[in-house]
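The values are calculated or read from the model by the stated rules, or taken from the named source; none is laboratory data. All values derive from a computational prediction rather than experimental measurement. With ideal geometry, Cβ positions are generated from the backbone for all residues, glycine too; neighbour counts draw on all protein chains shown.
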Amino acid sequence: MLIESNKSLKEYNTFGIDCKAKYFVSVTTSDQLIAVLSDKKYDAHFLLGGGSNILLTQDINALVIHLNLRGITILSETEEQVQIEAMAGENWHQFVLSCIEKGYGGLENLSLIPGNVGTTPIQNIGAYGVELKDTFESCKAIEIETKTEVLFSKKACNFGYRTSVFKKDARNKYIITSVVFNLTKINHKKSTAYGAIQEQLSNKNTSDPTLKNISDAVISIRESKLPDPKKLGNSGSFFKNPVIDADTFQLFRSHFPDAPFYEVSPTEFKIPAGWLIEQAGFKGKQYGDAGVHKNQALVLVNYGNATGGEIWNLALRIQKEVKEIFGIHIEPEVNII
Ligand code: EPU
């Protein structure tokens, strides 16, 4: 394994931030990963997947381990279902497309989400009415302390909205090496209720959509709202949609009766952070090379040479103004390093 020094991470994070790794190695198997973790020369490690959910605000004074484990295997199948394992370093969207091509259903609404398979359980990625947990069976992970493999069942992952055990009790303790999904071969559970998907499908007169039709609809919605990280550095939604209690919601509604919201439960209401940020006047604004995307205010972008610090300062300013105007605290979804 080649261990490089002083390596730029610009190509390894979708924000395109030019921070450096003191040391850098790309691992392609669990054995390599364990060997690197056991190497006493490097006591500090930083794990890097697809780099699609991090904002680098400083150089990394550690061995950056790029998780590049590849492979997709069918574990079992019946006439109705297939259980499929994808290694952590597989690109998420390519994996989704390969499932659709084989006629396996369940992941089509999650098309075009940036990042790799191994990081998808950490924040239980979700879009257009579907979350990762809906098809997730289990994942394998290496426990950093013992360097042994552990199997996490769906229950053990404790999934929630953009969260899991890997953001809580198991934070920084495990490295996910592969994920197993249960997908359908027939009688697909298609999720097309989301307004924008229905619109796309009816525009194309598709009343009984195929998996590919749904995926294409999702791709075109995402392409119309979300910038392509290859062209404009970004990390998808920068903030989570805040969930507020009933009293806070009543007060909020009395001042902002036109605000969109989703009722999560009778006592919890989710407010789209994109709406709050747009109303606060930030949509489409640019400050140096840091900015707020013109089509989706939830997405912060790097117009070229922004530093992580510049993007983070913009995020803090947005957070503060949203709090002042609406009395609602919005939290980053992205990991700030
Ligand atoms: N809105 C605005 N202004 C904006 C953006 C949104 O007013 O600039 C309003 C919209 O009009 C709509 C509401 O906010 O009423 C919701 O907008 P949208 O459907 O675009 O979804 P979102 O809540 O902003 C979430 C996810 C996205 C996911 C979409 C679709 C989070 C943090 N984000 O965004 O996930 O693609 O739903 O399901 O939950 C990501 O995680 O990187 C991501 C892109």
> If you take just the strands (runs of 3 or more DSSP E) that sit entirely in region 244-337, which of them hold at least 1 residues that are under 25 Å from residue 19 (Cβ atoms) and in contact with a Leu (Cβ under 7 Å, 6 or more places away or on another chain)?
Replying inline: 290-292, 299-302
>> Please determine whether any residue of region 73-85 is among the aliphatic types (A, V, I, L, M), surrounded by fewer than 20 Cβ atoms within 10 Å (Cβ to Cβ), outside any helix (DSSP H, G or I) and modelled with pLDDT of 95 or more.
In response: yes
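One line per residue, one yes/no per condition, for (1) farther than 13 Å from residue 107 by Cα; (2) assigned by TED's automatic domain parsing to the domain that holds residue 316; (3) more than 13 Å from the ligand (Cβ to nearest atom); (4) free of Cβ contacts under 8 Å to residues at least 60 places away in the same chain:
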position	(1), (2), (3), (4)
172	yes, no, yes, yes
176	yes, no, yes, no
180	no, no, yes, no
199	yes, no, no, yes
202	yes, no, yes, yes
208	yes, no, yes, yes
> Would region 135-142 turn up any residue that is touching a Cys at 6+ places or on another chain (Cβ under 9 Å), under 25 Å from residue 12 (Cα atoms), touching a residue at least 12 places away in the same chain (Cβ under 8 Å) and not charged (D, E, K, R)?
Replying inline: yes
> Between residues in region 97-109 that are assigned by TED's automatic domain parsing to the domain that holds residue 221 and residues that are of a type in the set (A, V, I, L, M, F, W, C) and surrounded by fewer than 18 Cβ atoms within 10 Å (Cβ to Cβ), which pairs lie under 6 Å by C-beta distance while being six or more apart or on different chains?
Replying inline: none
>> Which count do you get for residues in region 22-60 that are among the aromatic types (Phe, Trp, Tyr), part of a loop (DSSP other than H, G, I, E, B) and modelled with pLDDT of 95 or more?
In response: 0
>> Only one of 153, 207, 164, 202 is under 17 Å from the mean Cα position of the chain (by Cα) and of a type in the set (Gly, Ala, Ser). Can you tell me which?
In response: 164
> Residues 271, 219: which one is within 15 Å of the ligand (Cβ to nearest atom), under 30 Å from residue 185 (Cβ atoms), out of contact with any strand residue (DSSP E or B) (no Cβ under 6 Å at 6 or more places or on another chain) and of a type outside the set (Gly, Ala, Ser)?
Replying inline: 219
